Amino acid sequence: MMFCPQCGKLLKSKDGQLVCTKCGYAETISADEKEQMKKVAYMQENEILIVEDGAEIETKPTMAIKCPNCGHGIAEWWLRQLRSADESEVRFFRCTKCHHTWREYD
């Protein structure tokens, strides 16, 4: 991250420059820095799997867990925040064999 050398506030990217919204300091971003910023943003985005309502994604993570419906031992899983933000997420599972879906609370 880049911080303003004058006031210490986080610099924001604007029109090919890093700009301080507090004191007005501006610094031009080189082509290498632009490319690095894209790579970092891409890597951070791929760390979390976000599943939209109704989305069918073929690359959900799987884990060894027994399906309560058919007894198969592998299921896809994902997390959803169903309750208020200060409570833990709900983990959903979907059997890779019979596609039965169930949930577990933490």
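Values in this text are rule-based calculations from the coordinates and carry no lab data. All of these numbers come straight from a predicted model, not from anything done at the bench. When we count neighbours, we look across all protein chains shown, and the Cβ atoms used for this are built from the backbone with ideal geometry, even at glycine.
Of note:
- Under the simplified labelling scheme, the ILE74-SER30 pair shows an inter-label distance of 4.7 nm, with each label point 7 Å from Cα along Cα→Cβ.
- Extending 7 Å from Cα along the Cβ direction at HIS100 and again at ASP86 yields two label points whose distance is 3.7 nm.
- Here's how it looks for LYS9: its modeled amide H is under 5 Å from those of CYS4, which are all 5 or more places away or on a different chain.
- Taken along the Cα-to-beta-carbon direction at a fixed 7 Å, the label points for CYS7 and LYS66 span 6.2 nm.
- Peptides 10-19, 89-98 ranked from most to least packed by the mean count of surrounding Cβ atoms within 10 Å: 89-98, 10-19.
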